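To start, the structure itself, in structure tokens.
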Amino acid sequence: MNDRNRHPDRNRPPQGNPGPAADGFSDGRLVEVHSQLAREKEEPREGFSLTPIFIVFLFCGFGFWGGLYLTRNSGDFASTAFDVNAPKVTAATGPVEFEPDAAKGEKLFVANCAACHQASGLGVPGAFPPLAKSAWVAGAEERLIKAILVGLAGEIEVNGVKYNGNMPNVGAALKDAQVAHIATYVRQAWGNTAGPVMDTKVAEARKAIGTRGQYAPADLLKEHPLEAK
Ligand code: HEC
């Protein structure tokens, strides 16, 4: 037994022997400082303490920011989003420009016109007039377009030969683009050298003729006279 754990007797002056607390603290003073420190410490409690509310908000904020970030930068979670070798999908910028295509026109001509005018474009003597070297085909494209859209009936002179037949409104069932392809082909085949025809021209002509029936060739010439050669 030593007196280190004994409660200090304040009335007694410190003893001469300092004991193990050789740095100037008496046993009594040491115990006093200890109990003072113990008093200033918070009481330990059992159980969990609540998370401060600002930390909850902080993490909510992180979650929200993360969501925003992914929405903007996830690349729709497509595996190709970050693949530099993947083909770029270019955004379509408005309607595609129409390209008159004589090759498409030839196929359409064979299907819709060749039965009468023949694949050679020479027609059938006495029945179907030729398109090759025809003045009706060259020049103003409206004349050719209108003939295809509503057809022709009555006397007509082509390359100095008279015909009197009936051409149905073949183009009525065709799209503007298809008529444009056909007209382009007819104007460039068999030695013909007229320019290509755009689908917008066909649309304009379709509007202009409205619901009228076949043209008499003479009436069509009033609207679009044959060009002097
Ligand atoms: C059912 C037969 C028939 C079909 C199909 C037909 N045509 Fe004709 N086409 C005629 C006849 C007949 C005439 C002459 C009309 C007349 O006598 O008034 C004619 C006249 C023409 C003319 C003016 C005269 C000339 O020879 O230049 C053009 C141009 C023409 N056709 C283009 C076409 C085109 C292009 C197609 C196809 C989209 C077509 N035709 C389909 C029978 C046809």
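For (1) crowded, with 19+ Cβ neighbours inside 10 Å; (2) modelled with pLDDT of 95 or more; (3) closer than 21 Å to Asp219 by Cβ, each residue gets a yes or a no:
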| site | (1), (2), (3) |
| --- | --- |
| Asn159 | no, no, yes |
| Ala173 | no, no, no |
| Ile182 | yes, yes, no |
| Tyr185 | yes, yes, no |
| Gly195 | no, no, no |
| Thr200 | no, no, no |
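Would you be able to tell me the number of residues in the stretch 100-124 that are over 15 Å from Gln188 (Cα atoms) and either charged (D, E, K, R) or part of a loop (DSSP other than H, G, I, E, B) (or both)?
Going through the stretch 100-124 one residue at a time, the tally reaches 3.
Every residue in the stretch 119-141 that is more than 7 Å from the ligand (Cβ to nearest atom), open to solvent by 30 Å² or more (accessible area, probe 1.4 Å) and over 44 Å from the mean Cα position of the chain (by Cα), please. Before the answer, list the steps.
Initially, the stretch 119-141 is screened for residues more than 7 Å from the ligand (Cβ to nearest atom), giving 119-122, 124-126, 132-133, 135, 138-141.
Then keep just the ones that are open to solvent by 30 Å² or more (accessible area, probe 1.4 Å); that gives 119-120, 122, 124-126, 133, 138-139, 141.
Of everything in the stretch 119-141, those that are more than 7 Å from the ligand (Cβ to nearest atom), open to solvent by 30 Å² or more (accessible area, probe 1.4 Å) and over 44 Å from the mean Cα position of the chain (by Cα) turn out to be Leu122, Val124, Pro125, Gly126, Lys133.
Looking at the stretch 108-117, which of its residues are over 17 Å from Leu152 (Cα atoms) and open to solvent by 60 Å² or more (accessible area, probe 1.4 Å)?
If the condition is that a residue be over 17 Å from Leu152 (Cα atoms) and open to solvent by 60 Å² or more (accessible area, probe 1.4 Å), then Val110, Ala111 are the ones that fit.
Among the residues of the stretch 160-171, is any within 7 Å of the ligand (Cβ to nearest atom) and assigned to a helix (DSSP H, G or I)?
Looking through the stretch 160-171, at least one residue is within 7 Å of the ligand (Cβ to nearest atom) and assigned to a helix (DSSP H, G or I).
Taking the condition of being under 19 Å from Glu155 (Cα atoms) and assigned to a loop (DSSP other than H, G, I, E, B), how many residues in the stretch 197-226 meet it?
Initial filter on the stretch 197-226 (under 19 Å from Glu155 (Cα atoms)): 212-226.
Now drop any that are not assigned to a loop (DSSP other than H, G, I, E, B), which leaves 212-214, 216, 224-226.
Residues that pass the stated criteria total 7.
Residues checked against (1) among the small types (Gly, Ala, Ser); (2) out of contact with any Ser or Thr (no Cβ under 7 Å at 6 or more places or on another chain); (3) modelled with pLDDT under 95:
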position: Pro129; (1), (2), (3): no, yes, no
position: Gly139; (1), (2), (3): yes, yes, yes
position: Leu144; (1), (2), (3): no, yes, no
position: Gln188; (1), (2), (3): no, yes, no
position: Lys207; (1), (2), (3): no, yes, yes
position: Gln214; (1), (2), (3): no, yes, yes
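Name the pairs: first residue in the stretch 177-203 and touching a residue at least 60 places away in the same chain (Cβ under 8 Å), second residue open to solvent by 30 Å² or more (accessible area, probe 1.4 Å) and hydroxyl-bearing (Ser, Thr, Tyr), Cβ to Cβ under 8 Å, at least 6 apart or on different chains?
Pairs found: Trp190/Ser120.
Please specify each residue of the stretch 24-43 satisfying the condition of being in a helix (DSSP H, G or I), out of contact with any Phe, Trp or Tyr (no Cβ under 8 Å at 6 or more places or on another chain) and not small (Gly, Ala, Ser).
So the first thing to find is which residues in the stretch 24-43 are in a helix (DSSP H, G or I), and the list is 27-40.
Then keep just the ones that are out of contact with any Phe, Trp or Tyr (no Cβ under 8 Å at 6 or more places or on another chain); that gives 27-32, 34-40.
Selection gives Asp27, Arg29, Leu30, Val31, Glu32, His34, Gln36, Leu37, Arg39, Glu40.
More than 60 Å from the chain's Cα centre (by Cα), surrounded by 10 or more Cβ atoms within 10 Å (Cβ to Cβ) and either of a type outside the set (A, V, I, L, M, F, W, C) or modelled with pLDDT of 80 or more (or both): which single residue out of Asp27, Asp83 fits that description? Reasoning before the result, please.
Values: Asp83 fails: more than 60 Å from the chain's Cα centre (by Cα).
Step by step, each of Asp27, Asp83 is checked, and only Asp27 is more than 60 Å from the chain's Cα centre (by Cα), surrounded by 10 or more Cβ atoms within 10 Å (Cβ to Cβ) and either of a type outside the set (A, V, I, L, M, F, W, C) or modelled with pLDDT of 80 or more (or both).
Please pick out the residue among Arg206, Arg212 that is exposed (fewer than 13 other Cβ atoms within 10 Å of the Cβ) and not small (Gly, Ala, Ser). Walk me through it before giving the result.
Working: Arg206 fails: exposed (fewer than 13 other Cβ atoms within 10 Å of the Cβ).
Step by step, each of Arg206, Arg212 is checked, and only Arg212 is exposed (fewer than 13 other Cβ atoms within 10 Å of the Cβ) and not small (Gly, Ala, Ser).
Looking at the stretch 3-10, is at least one residue under 30 Å from Lys201 (Cα atoms), modelled with pLDDT under 90 and not hydrophobic (A, V, I, L, M, F, W, C)?
Taking the stretch 3-10 as the starting set, the residues that turn out to be under 30 Å from Lys201 (Cα atoms) are none.
For the stretch 3-10, residues under 30 Å from Lys201 (Cα atoms), modelled with pLDDT under 90 and not hydrophobic (A, V, I, L, M, F, W, C): absent.
The values are calculated or read from the model by the stated rules, or taken from the named source; none is laboratory data. Computed from a predicted structure; not experimentally measured. Neighbour counts are summed over all protein chains in view; Cβ atoms, including those assigned to glycine, are modelled from backbone coordinates with ideal geometry. Please note that ligands, DNA and RNA were not included when accessible areas were found on the heavy atoms of the full protein model with its side chains. Shrake-Rupley method; radii C 1.70, N 1.55, O 1.52, S 1.80 Å.
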